[in-house]
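One structure is given below, encoded as structure tokens.
The values are calculated or read from the model by the stated rules, or taken from the named source; none is laboratory data. What you are looking at is a predicted structure, and each value in this text was computed from that prediction instead of being measured. Neighbour counts run over all protein chains shown; Cβ positions are idealised from the backbone, glycine included. The area values use the complete protein model at the heavy-atom level, side chains included, leaving out ligands, DNA and RNA. Shrake-Rupley method; radii C 1.70, N 1.55, O 1.52, S 1.80 Å.
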Amino acid sequence: MTILAYGDRSLLIEAGTTEDAIGWTVAINKASLPGVVDVVPGARTVLVTADGPGRTGPLRAALERLTPTPEDARRDGTTVDLPVIYDGPDLDDIARLTGLSAEEVVAAHTGTAWQVAFGGFAPGFAYLIGGDTRLQVPRRDEARTKVPTGAVGLAGEFSGIYPRQSPGGWQLLGHTDLPMWDADRDPPALLQPGTLVRFRSVDS
């Protein structure tokens, strides 16, 4: 782990792995460190922002005293049950790429708990890791100009849910009606870093 200065009021933690970044994010949020106004996880980094210049020295010292682990993050205790209709336009392609049947793809996607690593791309879009390794498929060769709200997709090691209609190149295996983003909810994003997600197959 390396902590780097990032401007006059932020520190960037280079965590090494996505799992380590989750552990750091959850540990920092739980610690409620004085002066911290924002914690932004990435694939292998965590950006921690203080409430003003000159605060990064004490903040660095506080971070160096933390010893987070991925296991700590998994004990966060928050689990979201996410119903999915597995009718995605790329389901057969995913089956072909993985060597599984469509039914086996669904079983693999629902059979393992995923974990929110970080958010990005659009408000409410969460990158989920930790699923069945057989489901690691490449992005589509050609992105779609319109992916519908609630589409559930796969790309590389990640699964994710599109919170609103947008362009996208992920392989789509189904959709959910559960809102990922609600400005009237606190917090607005349903899926927060460290949260466990269990996909559940439904008919409608």
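For this structure, a couple of remarks:
- Residue count, the stretch 97-148 (criterion: of a type in the set (Phe, Trp, Tyr) and open to solvent by 40 Å² or more (accessible area, probe 1.4 Å)): 2
- Subset of the stretch 149-171 (residues that are assigned to a strand (DSSP E or B), open to solvent by 20 Å² or more (accessible area, probe 1.4 Å) and in contact (Cβ under 8 Å) with a residue 24 or more places away in the chain): 158, 167
- Pairing each residue of the stretch 120-141 that is of a type in the set (S, T, N, Q) with any residue that is open to solvent by less than 80 Å² (accessible area, probe 1.4 Å), provided the two are 6+ apart or on different chains, yields C-beta distances under 7 Å for 136/156; 136/157.
- Residue within the stretch 16-25 that is free of Cβ contacts under 8 Å to residues at least 60 places away in the same chain, open to solvent by 50 Å² or more (accessible area, probe 1.4 Å) and within 15 Å of residue 61 (Cβ to Cβ) present: no
- Scope the stretch 33-65; condition of a type in the set (Gly, Ala, Ser) and surrounded by 15 or more Cβ atoms within 10 Å (Cβ to Cβ); matching residues: 35, 42, 43, 50, 62
- For the criterion of being surrounded by fewer than 15 Cβ atoms within 10 Å (Cβ to Cβ), within 18 Å of residue 197 (Cβ to Cβ) and at pLDDT 95 or above, residue 81 passes.
- With respect to being over 28 Å from residue 181 (Cα atoms), open to solvent by less than 30 Å² (accessible area, probe 1.4 Å), in a loop (DSSP other than H, G, I, E, B) and not hydrophobic (A, V, I, L, M, F, W, C), residue 7 falls outside the description.
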